[in-house]
Amino acid sequence: IAHRIHRARFRDSAATLESFDWQFNAKTIDPAPFRELATGDFVRRRDNIAFVGESGLGKSHLVQGVGRACCVAGYRVRYVTSAELLEELTAALADKTLTSRVRYYQSFELLIIDEFGFDKLERREYPDAPSLLYKVIDARSRRGSTALVTNIDFADWTDYLGDPPLVMATLDRVVDNTLTLKFTGKSYRQHRAAEKKREQQARMKKSS
């Protein structure tokens with residue numbers, strides 16, 4: 001289990017389902033679907049999952065929690081951000097090792113691609129992003145599960161990445177056998193920033 005978790009390369013070691021604050025957005029984020037995902041049955045069925053919603057709602061925390069639970073269940077998992085994935089694939093394209101790199105990402109039973117669309121890196125720095133993303137998604141189609149975390153609704157992918165034919169082909173494979181969970185609610189980041197500001201104001205008032 002420790003080896004699988006280490007190999008998955010999760011970004012946040014404390015991101016588990018148990019450490020998630022379920023009370024913060026209790027009205028809009030139900031723990032039941034995530035606990036079901038944690039069983040790993042969707043990986044056994046080779047289904048995909050998509051977490052869609054604005055930033056700051058806990059999508060990355062929860063997808064890593066699900067991924068870690070799947071490691072415990074015995075599955076091979078890999079976590080990567082969209083920017084990291086595209087940087088790797090672009091470098092592999094340049095040195096003619098793209099086929100082996102795609103095969104590497106194909107080998108995992110669950111591939112988690114986090115932060116798709118959270119900045120403009122995909123479009124600005126990686127002009128081949130649509131075709132590179134398609135190669136990975138297509139290689140994994142029906143062979144493994146892919147979890148995608150994004151703040152872009154599927155309907156807006158073409159506007160974001162361009163290349164409508166490739167985007168449509170990618171979406172066909174992403175949406176196939178996919179459970180989509182849409183996130184709404186209050187932002188953790190905004191809440192923490194407001195708390196920090198209040199603490200600073202309180203300290204300044206006390207010192208004065």
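The values are calculated or read from the model by the stated rules, or taken from the named source; none is laboratory data. Predicted model, so just to flag it, every value in this text is computed and none were measured. Please note: Cβ atoms are built from the backbone with ideal geometry, for glycine as well, and neighbour counts cover all protein chains shown. Heads up: the accessible areas ignore ligands, DNA and RNA and are worked out on the full protein's heavy atoms, side chains in. Shrake-Rupley method; radii C 1.70, N 1.55, O 1.52, S 1.80 Å.
What the table below lists for this structure:
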| item | result |
| --- | --- |
| Normalised contact order of the chain, rounded percent, pairs of Cα under 8 Å and 6 or more residues apart | 29 percent |
| Separation of the residue 6 and residue 189 label points, Cα + 7 Å toward Cβ, nm | 3.2 nm |
| Rg over Rh [alpha-carbon atoms, Kirkwood Rh] for the stretch 21-131 | 1.01 |
| Candidates 178, 28, 81, ranked by Gaussian network fluctuation over the chain, Cα under 10 Å, top entry | 28 |
| In the chain, lysine pairs closer than 28 Å at Cα, eight or more apart or cross-chain | 23 |
| Accessible surface, the stretch 1-75, averaged per residue in Å² (probe 1.4 Å) | 50 Å² |
| Fraction of accessible area attributable to carbon and sulfur, the chain (%, probe 1.4 Å) | 50 percent |
| Other-chain or far-sequence residues with amide H under 5 Å of residue 53's (modelled H) | 150, 151, 152, 183 |
| FRET efficiency, 1/(1 + (r/R0)^6) with R0 30 Å, evaluated for residue 138 and residue 95 via beta carbons | 0.90 |
| Sequence-distant residues sharing a close amide H with residue 144 (under 5 Å, placed H) | none |
| Estimated [θ] at 222 nm from DSSP helical runs (n ≥ 4, -39500 (n - 2.57)) normalised by residues in the chain, nearest 500 | -15000 deg cm²/dmol |
| Amide H contacts under 5 Å for residue 81, placed H, 5+ residues apart | 114 |
